[in-house]
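Enquirer: This structure is in structure tokens; I'll ask about it shortly.
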Amino acid sequence: MRVLIFLHRSDLRKRVAGALNSTDFVVDSVASAKECLQSAQLTRHEGVLVDSEFFVFEDVLALVRQLREENSNQALFVLARYLDLEQRLQLFEAGVDDCMSEPFFASELAVRLGHSISLRQAASPLVQSNTVNVLRSGDLELDLVRRKTGRSGKRISLTPKEFLLLEYLMRNANRPLTRSMILEHVWNTSFEGMPNVVDVCISSLRSKIDHGFPHKLIQTNRGFGYTLTSATGLSLEAKGRAGRGDRAHARTKCIPPTS
């Protein structure tokens, strides 16, 4: 799940981003309302966390209303350190899903944020039409709301990072992805200083979703990265190879004998 955090305090912003990145989330962080709106418009986020400290309450309220108007499916969170009851009620009326007072535990924030995202996704018309909450690639299935994975009816247990990695691969099925692309999306960092983390996570993920199955979905593009290929895609590829072999055999049979 990708979330956007708008926190004015740089120390708090780094702590919250680090805590969420270590769980189920990929975090984009900004330090101004303008950046918050721009990032929300350019990138799809399942949740947005807004700080209310150091800002006039009316500005926070206006920001929340604009975020809600532009996206009715994302969860909106506000850190309400100095807000009174009346102000918190106004935020809820504007579309906020939850308010958290400080101090707070990062683990509790992650759970409440994840819960709000799941509720928003479950209530979304797109989710109800079964086009958003479940990703499928061949016989592999990823339930984004219930956070469950399975292949051919077999339940597969994944770590949070493995889940994010698989979601990214499935959203880009049959598309080659570089290690740098994977690092930036799943770990929200550059390739420098982390050369092996993608390979290690891919190896672990592959052992879970490919082990014991005749079709290996995760393909290695040597010197480049990885591709998740659906079982259907593999079947078509195999048929293509077989067809090319048949044509080559036919051409061989048609060559007349030399005199």
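The values are calculated or read from the model by the stated rules, or taken from the named source; none is laboratory data. These numbers come from a predicted model, not from an experiment. Because the Cβ atoms are built from the backbone with ideal geometry, glycine has one as well, and the counts that use them run over all protein chains shown.
Enquirer: Can you confirm whether the range 188-196 contains a residue that is at pLDDT 90 or above, in contact with a Phe, Trp or Tyr (Cβ under 9 Å, 6 or more places away or on another chain) and in the same structural domain as Lys216 (by TED's automatic domain parsing)? Give the steps one after another, and end with the answer.
Expert: If we filter the range 188-196 for residues that are at pLDDT 90 or above, which is where we start, we get none.
Taking every residue of the range 188-196 in turn, none turns out to be at pLDDT 90 or above, in contact with a Phe, Trp or Tyr (Cβ under 9 Å, 6 or more places away or on another chain) and in the same structural domain as Lys216 (by TED's automatic domain parsing).
Residues checked against (1) in contact (Cβ under 8 Å) with a residue 40 or more places away in the chain; (2) under 25 Å from Met170 (Cα atoms):
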site: Arg9; (1), (2): yes, no
site: Val30; (1), (2): no, no
site: Leu37; (1), (2): no, no
site: His45; (1), (2): yes, yes
site: Ala80; (1), (2): no, no
site: Leu85; (1), (2): no, no
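Enquirer: Please go through (1) surrounded by 14 or more Cβ atoms within 10 Å (Cβ to Cβ); (2) at pLDDT 90 or above for Ser207 and return the number of the only condition it doesn't satisfy.
Expert: Tallying (1) surrounded by 14 or more Cβ atoms within 10 Å (Cβ to Cβ); (2) at pLDDT 90 or above, Ser207 fails exactly one: (1).
Enquirer: OK, next. Can you list the helices (runs of 4 or more DSSP H) lying wholly within the range 1-97 that have 3 or more residues being closer than 19 Å to Glu184 by Cβ?
Expert: On the way: elements: 10-21, 33-42, 57-70, 85-94.
Per the criteria, 10-21, 33-42.
Enquirer: Against the condition crowded, with 16+ Cβ neighbours inside 10 Å and of a type in the set (Asp, Glu), how does Asp97 come out, does it pass?
Expert: Values: crowded, with 16+ Cβ neighbours inside 10 Å: yes; of a type in the set (Asp, Glu): yes.
Against the criterion (crowded, with 16+ Cβ neighbours inside 10 Å and of a type in the set (Asp, Glu)), Asp97 qualifies.
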